[in-house]
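Accompanying notes for the structure given below.
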Amino acid sequence: MLLHERLNSDLKDAMRSGDKARVELIRTTRAALQTAQLEAAKQRYDAAAREIEAKYADDAEARDAALSAISADAHAPLDDAAVVAIIIKEVKRRRDAAEIYHKAGREDLAASEEAEAQMLEIYLPKQLSLEELRPQVAALIAELGLSGASSMGKLMPVLMERFKGQAEGRVLSQVARELLAGN
């Protein structure tokens, strides 16, 4: 089952069971997915329009005909990788909000945001633990020949790409700092 199908199924289950908090959370997440889907369709349309404008720069009639033939399929579903990326953003947004609420002394709101983040995490792939990450990051540091804290700028983009969806950036940063400080 695709991730967006699972969200739809879970929404129906939450509605049947009367779990209002979960219904609201899934609806909010689906709205974020729909926004991303529309943005992706807009980007596809804009890229096609730029290509046509460049190709038919000298022929206005042909350009207009080609532009009118572009299909902006806003209903093309996002792939699971894009859905996961959006859910990761939603989880991060809630964790950041919880942190702000903690600092402001609003523990009730912080607890609500943390609970929502945990509910969303069930839709994400399993996150690697610190123990699982350390040897992999150490091997990558050795492979790239990096040492010292000044190498963080070179290491982090590679780590973020390699462990996309498997570990949060702050966890990767923590492990990288520990290992680079030891070198």
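The values are calculated or read from the model by the stated rules, or taken from the named source; none is laboratory data. Quick caveat, the model's predicted, so the values are computed rather than measured. Keep in mind that these areas ignore ligands, DNA and RNA; they rest on the heavy atoms of the full protein, side chains included. Shrake-Rupley method; radii C 1.70, N 1.55, O 1.52, S 1.80 Å.
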Taking a probe of 1.4 Å and leaving out DNA, RNA and ligands, the chain shows per residue an accessible area in Å² of 63
E116 - accessible surface, heavy atoms, 1.4 Å probe, Å² rounded to 10 = 50
Average Cα contact separation per residue, the range 69-128, under 8 Å, 6 or more apart, as relative contact order % | 35
How large, in percent, is the carbon and sulfur part of the accessible surface of the chain at a probe radius of 1.4 Å?
-> 53
What pairs in K89/K164; K92/K164; K12/K164; K42/K126 have C-alpha atoms more than 20 Å from each other?
-> K12/K164; K42/K126
MRE, 222 nm, helices only [DSSP H, n ≥ 4, -39500 (n - 2.57), over the chain, to nearest 500] = -25500 deg cm²/dmol
Options (i) 8, 24, 24, 23, 15, 6, 0; (ii) 9, 31, 26, 19, 13, 2; (iii) 9, 28, 19, 14, 17, 11, 2, 0 are given for P(r) over Cα pairs in 10 Å bins from 0, in percent, and the computed one is (i)
Largest-first principal axis extents of the Cα set of the range 13-96 (Å) | 60, 29, 17
